[in-house]
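The values are calculated or read from the model by the stated rules, or taken from the named source; none is laboratory data. Note that this is a predicted model, so its numbers are computed, not measured. Cβ placement follows ideal geometry from the backbone for every residue including glycine, while neighbour counts extend to all protein chains displayed. Just the protein is used for accessible areas: all its heavy atoms, side chains included, with ligands, DNA and RNA removed. Shrake-Rupley method; radii C 1.70, N 1.55, O 1.52, S 1.80 Å.
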Amino acid sequence: MQTFYSDIHRQHHGRTELYAGTLVPCFEMPSRADMVLERVRATALGEVLPPRSHGLDPVLAVHDAGYVTFLQSAWHRWQALGRDYDALPKMWQIRRMRQAVPEHVEGQLCYYSMDCGTPITAGTWPAICAAADVALSGPMPCWPGSVRPLP
């Protein structure tokens, strides 16, 4: 078996998330991937390989371009407001058929987030790109009618 892994995931390491009305340390943290990788190696499950770079085209094939642009720019826009702490939404907007995507980063946090369990941090975008590359580097099943695997 092959395992694809990237250390870049470590760059997304949120400090807090909102859980049961309280800010707590994030449940998702780099050490969780470390535990899995350690077990893969300890059991000699197979080789651990770095992912191949696939660019944004496969991501944009399945995600809204506005959402991807938001993720790409959110941290820098958050910092431009003088903030150096994790970016979390303060509320969730009720979506309506004619609702436009807000222009301000805080409004977009509310628009694109579904909970306060995944903060945006300085390393979120690189980790997102690495995660997509990891997912796309493994063998892809090709069922009848499905998208063909990437070269």
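Quick notes on this one:
- Positive end of the dipole of segment 8-151 (Cβ unit charges, origin at the Cα centre): among ALA131, SER53, CYS110, the Cα lying farthest that way belongs to CYS110.
- Two-site label geometry, ALA80 and SER53: point separation in nm, points 7 Å out along Cα→Cβ: 2.5
- Here the chain is assigned +1 on the Cβ of each Lys and Arg and -1 on the Cβ of each Asp and Glu. Its dipole about the Cα centre then comes out at about 280 debye.
- For the chain, the solvent-accessible area with a 1.4 angstrom probe is 68 square angstrom per residue.
- Within the accessible area of the chain, the carbon and sulfur atoms contribute 60%, probe 1.4 Å, all protein chains present.
- Other residues whose C-beta falls under 14 angstrom from the C-beta of PRO30 contribute a net charge of -1, scoring Lys and Arg +1 and Asp and Glu -1.
- Relative contact order %, the chain, counting alpha carbon pairs below 8 Å whose residues are six or more apart: 39
- Using the rule -39500 (n - 2.57) for each DSSP H run of four or more residues, divided by the residues of the chain, the 222 nm mean residue ellipticity is -11500 deg cm²/dmol.
- Calculated FRET value between MET114 and GLU38, using beta carbons and R₀ = 25 Å, to 0.05: 0.20
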